[in-house]
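We did not get these values from a lab; they are worked out from the coordinates using the rules stated. Being a predicted model, the structure only gives us computed values, none of them experimental. Neighbour counts are summed over all protein chains in view; Cβ atoms, including those assigned to glycine, are modelled from backbone coordinates with ideal geometry.
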Amino acid sequence: MTVRLPRMIAVTLTGAAVLLPAAACSSDEPAPGRQPQAAAESPEPTPTPEPTHPFTGLPGGTRGPVLAVKIENTAAGKPQLGLRSADIVYVTQVEAGLTRLIAVFSSKIPPKIGPVRSARITDLHLVPQFGKPAFAYSGAQTKMLPFIAAAPLFDVSDSRAPGAYFRQPGRYAPYNLFAETKKLLAGAPRASKAKDIGFTFGDAPAEGGTPRRTYSVKYPAARFTFGWSEKAGKWLIWQDGKKDMAAEGGQLAAPTVVVQYTKTERSQFHDKNQSYTPLVRTTGKGRAVVLRDGKAYKARWSRASEKEGTVFTTETGEPMNFAPGQVWVVLASARPVVP
């Protein structure tokens, strides 16, 4: 029988030749009894969240200059143009118990907006939270002009930037004055960019919401109803029993509607019919109702000064998150001023 002997390797130690068995594995394999070490893996980089716009909570929104526009809100001026592109829409009471809108734009600017109407004293207490925005309006009471001149805003009214305005065919004065937004902003090249104004966006509170199909807000001469649409994921808007339609088509709607109850009082101003102009106090503290996701949430609001934004919290003090998208803020009063 033939016996195969292991291959031997000669190694010389201090002059003596020693025969050792040849290694059965390559030199880069681990020694017997040791486990191979896995190659260290580089940790996957944490993706950076895409920035969101402070007015809407939506990603990718450009923090452009802020443009605030005073918009007509009676049947004679409807349907309005450009409201669907607004980041925020404020509803405010004016003379005779009627309402007007302040549309605020930054992330998306429509080409045209209107009908543009006159300014009110409440506007001047509301817009400073945006820094020094461009403010578009058409006229104001003579006594109020010094207040506008002293306010932190860039005046792009029809008297200061006449080239930005035009009369819309098919409508009658004063409800036919519209404006081209690019020309409005050209008149305010240093208008403030969008910044944090206190809004927070995200998941709704786990508790506290009451399911609601509709929610109504009454003014002395106007009534708003917000109806939840599961299909649209928004609150559809009705005014005075009629659908509030957009000139671009479709019914106006928003994912979040904030009913902010404020102190509303008579100001020193009044119209030509001697109806007093309401002054809506948007600083201080108060209660609110936030409508989102088909529910109504009781909330609180606070605004320390006119240069600061408004913070909304739950009744337990947690942030009252809004649903991402356009926000309507309805400045209501439990005791509306008598016109």
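Given R0 = 56 Å, the distance between the Cβ atoms of residue 76 and residue 287 translates into a calculated FRET efficiency of 0.95. Overall, segment 67-332 carries a charge dipole of about 340 debye about its Cα centre when +1 sits on the Cβ of Lys and Arg and -1 on the Cβ of Asp and Glu, all other atoms neutral. On the basis of the beta-carbon distance and an R0 of 51 Å, residue 275 and residue 206 show a calculated FRET efficiency of 0.65. Placing dummy labels 7 Å off each Cα toward the beta-carbon, the span from residue 232 to residue 318 is 2.9 nm. Remark on segment 153-208: Rg and Dmax equal 18.1, 52 Å (Cα only).
Each Lys and Arg Cβ is given +1 and each Asp and Glu Cβ -1; about its Cα centre, segment 216-339 then shows a dipole of about 320 debye.
By its C-alpha gyration tensor, with a ≥ b ≥ c as the square roots of the eigenvalues, how is segment 248-339 shaped: rounded for a/c under 1.5, else prolate for a/b larger than b/c, else oblate? Oblate. Charge tally around residue 284: other residues with Cβ under 9 Å, Lys/Arg +1 each, Asp/Glu -1 each, net +4.
Highest mean packing comes first when the peptides 85-95, 310-320, 165-175 are listed by Cβ atoms within 10 Å, giving 85-95, 310-320, 165-175.
In a shell of Cβ-Cβ distance under 13 Å around residue 200, excluding residue 200 itself, what net charge do Lys and Arg (+1) and Asp and Glu (-1) give? Residues close to residue 200 contribute a combined charge of -2.
Straight-line cross-link partners of residue 218 among the lysines, defined as a Cα under 27 Å from its Cα and at least 8 positions apart when in the same chain: 70, 78, 231, 234, 242, 243, 263, 272, 285, 295, 298. Taking 0.36 nm per residue of separation and subtracting the Cα-Cα distance, full extension of the segment from residue 267 to residue 108 would add 53.9 nm. Using the Cβ of residue 318 as centre and a radius below 13 Å, the other residues enclosed give a net charge of -1, where K and R count +1 and D and E count -1. Here the convex hull built on the C-alpha positions of segment 57-97 has a volume of 96 cubic angstrom per residue. Extension gain, residue 214 to residue 190: 0.36 nm times the residue separation minus the Cα-Cα distance gives 4.5 nm.
Here's the picture: charge each Lys and Arg Cβ at +1 and each Asp and Glu Cβ at -1 in segment 67-332, and of 267, 178, 311 the one pushed furthest to the positive end of that dipole is 178. The residue 298 and residue 167 beta-carbon pair, evaluated with R₀ = 35 Å, returns a calculated FRET efficiency of approximately 0.20. Cα extents for segment 67-332 along the principal axes, largest to smallest and rounded to whole angstrom: 51, 39, 38. With a point put 7 Å past each Cα toward its Cβ, work out how far residue 242 is from residue 63 in nm, to one decimal. Result: 4.1 nm between the two label points.
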